[in-house]
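Have a look at the structure below before the remarks.
Just so you know, all these numbers are worked out from the coordinates, no wet-lab data involved. None of these values were measured; they are calculated from a predicted model. Every residue, glycine among them, receives a Cβ derived from its backbone with ideal geometry; neighbour counts consider all protein chains shown.
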Amino acid sequence: MSHPPLVVVTGPTGVGKSALGVELAARLGGEVVSADAFAVYRGLDIGTDKPDAGARARVPHHLIDVADPRECYSAGRFVRDAEKIIKDIEGRGRRPLLVGGTMFYLRALRYGLFPEPPKDLALRAQLEAEWERDPAAVRARLEALDGEAARRIAPGDRQRTLRALEVCLVAGKPISQLWAASAGRAPGHAAVMMALTRPREELRARIRVRVERMFSAGLVEEVQRLLNDGVPPGAHAFKAIGYRQALGVVLGAWSVAEAREATEVATGRLAKRQLTWLRSEPEVVWLHASSPTLLDDALRRLEACSE
């Protein structure tokens, strides 16, 4: 039995993906499968801007609050979980909609995880020690060896930075070349990939408002609760933008104002990286998120792409 193409709603952070995903799912008789690397963690609510109770009551959402923040949820686990959920949704005669901005997850689901060289534990230990001494020097090393990976990986993303360097040194080739080879494979899912965009200043303003709302809503207090519940400061969950800055407030390294400003800057950089990634993806359907006819625009483009 063939199924219609997988609907993907993506775009830079703060652009309005979740709202469109809910509206489309309601119109198509669908269910949302989240593609957000940090919304998977229970207790990370304010900073991940998870869909509210009303949206989740209106449309079923999957892969939200499925992981303990003490563990490290991986792309491989996401692919396994998402594949199972998509199959289940389709088996019930419903339509899955993949909604989110973790580009590596989206690519991994569509094209599969690329074959990586085996892990070199001694090299990883060496790189981890170098990161502890001077993260900026490690980032500079990655930029010199693989500029494309450095542009796509957030400066503070220790895990992916170290893995990219490790792959480069072990395989003798940039990890970005492996990404490109993976993208060149035939996709495992036929999909209509709709990316939302807004004028630069409008997106910046939305990000600024979102960051202010996060801190006003108690992001620092949420981080303190997570620490009180036994989540260690070095947990992967705290690498999320907003959380690592709020953690700095709790640990006494930053003031709230400094953390808020740093979060806004980091979020803007993330949005830029997401747009860079999307521009390299084939057959992306771009939609103007500020259009008053956004939902109708999306439905028309979906119908055209499905013919």
Segment 121-181, dipole about Cα centre (Lys/Arg Cβ +1, Asp/Glu Cβ -1), debye to the nearest 20: 140
Value in Å of the Kirkwood radius, where segment 121-181 supplies the Cα pairs that are averaged: 11.3
Residue order, fewest to most surrounding Cβ atoms within 10 angstrom, among Val256, Val138, Val220: Val256, Val138, Val220
Extension gain from Val170 to Asp88, taking 0.36 nm per residue of separation minus the Cα-Cα distance: 25.6 nm
Cα centroid separation, segment 210-253 to segment 92-109 (Å): 27
Overall dimensions of segment 19-155 by Cα: Rg and Dmax, Å: 18.0, 54
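Let me check I've understood the local charge: for Met193, count other residues with C-beta under 14 angstrom from its C-beta, Lys and Arg +1, Asp and Glu -1. What total comes out? Display every interim value, and only then the final one.
On the way: positive: Lys17, Arg107, Arg110, Arg279, Arg301; negative: Glu281, Glu283.
Here the charged neighbours net out to +3.
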Exposure rule at most 13 other beta-carbon atoms within 10 Å, DSSP loop trypsin sites (Lys or Arg not before Pro): the chain longest free segment: 186-307
10 Å-binned pair-distance histogram of the chain (Cα, whole percent): 6, 26, 36, 25, 8, 0
Computed P(r) (all Cα pairs; segment 155-307; 5 Å bins; percent): 1, 8, 12, 14, 14, 14, 14, 13, 8, 2, 0, 0
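Sort His288, His189, His61 so that the residue with the fewest other Cβ atoms within 10 Å of its own Cβ comes first and the one with the most comes last.
Numbers: His288 13, His189 16, His61 23.
Ranking His288, His189, His61 by Cβ neighbours within 10 Å, fewest first, gives His288, His189, His61.
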Top positive-direction residue, dipole computed over segment 1-105 with Cβ charges, set Val79, Gly43, Pro96: Pro96
Average silhouette area of segment 102-148, convex hull of alpha-carbon atoms, in square nanometres: 4.5
Computed magnitude of the charge dipole of segment 62-208 (debye, nearest 20; Cβ of K, R +1, Cβ of D, E -1): 560
Segment 172-260: translational diffusion in µm²/s, Stokes-Einstein, Kirkwood Rh over Cα pairs, 4 °C, 1.567 mPa s: 79
